[in-house]
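Notes follow once the structure below has been shown.
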Amino acid sequence: MDNPLPAISFDNTEYAFAYKTDQELKKASFLFSSMGRQSLVKLGTRFTPWAIRVGLPVKGLIRNTIFKQFVGGETLEETARVADKLEQFGVQVILDYGVEGKEGEENFDHACEEFIRVINYAATQHNMPFMSIKVTGFARFALLEKLDAAATDKSGYEGRVHTEVLNEEEKAEWQRVVDRMHRIISAAAAKNIGVLVDAEETWIQDPVDALTMQMMELYNLEKVTVFNTIQLYRHDRLAFLKDSFSQAVQKRFILGAKLVRGAYMEKERKRAEEMGYPSPIQPNKEASDRDYNSGVEFCIEHLDRISLIVASHNEYSNLRAAELLDQKGLPHNHPHIHFSQLYGMSDNITFNLAKAGLSVSKYLPFGPIHDVIPYLMRRAQENSSVSGQTGRELGLIKKELKRRKI
């Protein structure tokens, strides 16, 4: 290459926080300091949902603190203002309608309509190329559980939903789930918006995988509309990624793969122990990291047939992916690679990747405060329990405050 690409540094706080005013930066510093105190987080995550439920006047406080840090807004229009600001710094947005699944056919139909509304809105904006969906938003958990229990091969990609275990009523119910998925994906394909299908708990994941792969087979022929989320903190997922790729080659579609480490570790280990089956989770963090980085390498090796989203807060994994592009002489804006971090976290990664010309986004949830409380409580717990995460965030914020002489 004639012009060597600039080295990416995730320590550059000037780029990381250029989008934040002094006041916003001070607020973030206070918030992460608070989240570093586990006793406070424990109290807050118990009190806040209760306070909302009984109607205490806490919404204003939540809106100005944790909500503002991690959520785009209560409406799509509010979220668009955040997206416009991010766009000024070369950062795109993955829209997430952050309402947790409510059961019942009426709620499932409503969630399906909401997902389509988000797709239609994203299509009118400049920098909203993706949105995410949860199949549990429009499918009954117990139905998915029954289908999963019928899957015979738990080690790799099996690729079909075992509807023979369902009674006639349940078969009709499953068909409605499939129809909702078709409606969402066809709307997205028509509007050129990518759909990221969220990962679920291991005991309902198989039918979600099979349904997602069926959608890829139909819609990922010329361009990539559908992405499956692969959790590499599971010890079987690297093999699953490779099996999925083999299916994509065989059936001549492009595999959409969003790689994450994972979100249900404690719950998964606890259930495995209680029910007496081997834990699906990696034995340690090193094993998760190894499989995650191997997954990134595998995808970049096959970028002609895989569209990859590196959804990670791990600095090494992001850097490794960028280095591999450089080593292979691939452009930073290659259409089959994208990076993403949660809004409100790891700005040092997001904005420095954007500065280096890589395609990067913030995962941006939105929704009424009372509906996104479960999401916010998870962010608080995550930042409190993830080893060093709060310290790292706070250290970078303080470094930037010092640089600005505040």
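Laboratory data are not the source of any read-out in this text; all were calculated from the coordinates shown. Since the structure is predicted, the reported quantities are computational estimates derived from the model, not experimental observations. Positions of Cβ are backbone-derived with ideal geometry, glycine not excepted, and every protein chain shown enters the neighbour counts.
Pairwise alpha-carbon distances in the stretch 214-276 exceed 13 Å for 66% of all pairs. In the chain, helices alone account for a calculated mean residue ellipticity at 222 nm of -17000 deg cm²/dmol, with every DSSP H run of four or more residues adding -39,500 (n - 2.57). With a/c under 1.5 counting as rounded, go ahead and sort the stretch 1-154 into rounded, prolate or oblate using the C-alpha gyration tensor (a ≥ b ≥ c being the square roots of the eigenvalues; past the cut-off, prolate if a/b is larger than b/c, else oblate). It comes out oblate by the Cα gyration axes. For a straight C-alpha distance cut-off of 30 angstrom, the lysines reachable from LYS146 (same-chain residues fewer than eight places away being disregarded) are LYS102, LYS134, LYS154, LYS171, LYS242, LYS251, LYS258, LYS267, LYS270. At q = 0.10 Å⁻¹ the log10 of I(q)/I(0) for the chain amounts to -0.67, computed by Debye summation with a single uniform scatterer per C-alpha, solvent ignored.
Cα convex hull, the stretch 186-343: 120 Å³ per residue, rounded to a whole number.
In the stretch 120-150, which residues have a backbone nitrogen under 18 Å from the label point lying 7 Å from ASP109's Cα in the Cα-to-Cβ direction? Residues passing the 18 Å test: 137-140.
In the stretch 255-313, the ratio of gyration radius to Kirkwood radius, Rg to Rh, stands at 1.08 when only Cα atoms are counted. Note on LYS399: lysines with a C-alpha under 20 Å away, same-chain residues under 8 apart excluded, are LYS20, LYS26, LYS27, LYS355. At an R0 of 30 angstrom, the distance between the Cβ atoms of GLU173 and ASN314 translates into a FRET efficiency of 0.15. A convex hull fitted around the alpha carbon atoms of the stretch 84-155 yields 116 Å³ per residue.
Mean shadow of the stretch 167-215, computed from the convex hull of its alpha carbons, in nm²?
Over every viewing direction, the Cα hull of the stretch 167-215 projects on average to 3.8 nm².
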